[in-house]
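Asker: One structure coming up, written as structure tokens, with questions to follow.
The values are calculated or read from the model by the stated rules, or taken from the named source; none is laboratory data. Worth saying up front: this structure is predicted, and the values here are computed from it rather than measured. When we count neighbours, we look across all protein chains shown, and the Cβ atoms used for this are built from the backbone with ideal geometry, even at glycine.
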Amino acid sequence: MEADEMMDMPEPEFRRAVVTRLDKQDEAIANNTKVTEKVAEDTAFIRSAWTEGITAVRFFCRFAAAWRFLMKQVLVPMGLPALGLYGFWYYVEFHRFPAWLSDCFKFLMAVL
């Protein structure tokens, strides 16, 4: 029933029409609430799965950050000079570079 029709009604019919309309709205809201609760229950599983996924992602991000730290702050400033000094000492003592060191050097030259 349209609003114009309702305004032309006598008072008791108007009240009944308003009550009927509000009852229908209450039923529609109750149905929407049920649907929303069902959707929330269905998505609860997905959210719990993502919680575990986020934990795994955080772990691997921290692992990658630790790896970058080791490469930039430990290996490059300390490891490479130590390997260079070892190679120099080995060359002085045995008059040739270690095979693994020359292979690594060749590999780096090929890659870079």
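Asker: Go through the stretch 1-23 residue by residue and tally those that are among the charged types (D, E, K, R) and either modelled with pLDDT under 80 or exposed (fewer than 10 other Cβ atoms within 10 Å of the Cβ) (or both).
Answerer: Within the stretch 1-23, the first condition is being among the charged types (D, E, K, R), and the residues that meet it are 2, 4-5, 8, 11, 13, 15-16, 21, 23.
Pick out the ones that are also either modelled with pLDDT under 80 or exposed (fewer than 10 other Cβ atoms within 10 Å of the Cβ) (or both) and you get 2, 4-5, 8, 11.
Number of matching residues: 5.
Asker: Something else about it: With the requirement that a residue be of a type in the set (F, W, Y) and either surrounded by 10 or more Cβ atoms within 10 Å (Cβ to Cβ) or under 34 Å from the mean Cα position of the chain (by Cα) (or both), what does the stretch 64-99 give you? Walk me through how you get there before you give the answer.
Answerer: Step one: filter the stretch 64-99 for residues of a type in the set (F, W, Y), giving 67, 69, 86, 88-91, 94, 97.
Residues satisfying the conditions are W67, F69, Y86, F88, W89, Y90, Y91, F97.
Asker: Against the definition (of a type in the set (G, A, S) and at pLDDT 90 or above), how does G87 come out, yes or no?
Answerer: Judged against the criteria, G87 is a match.
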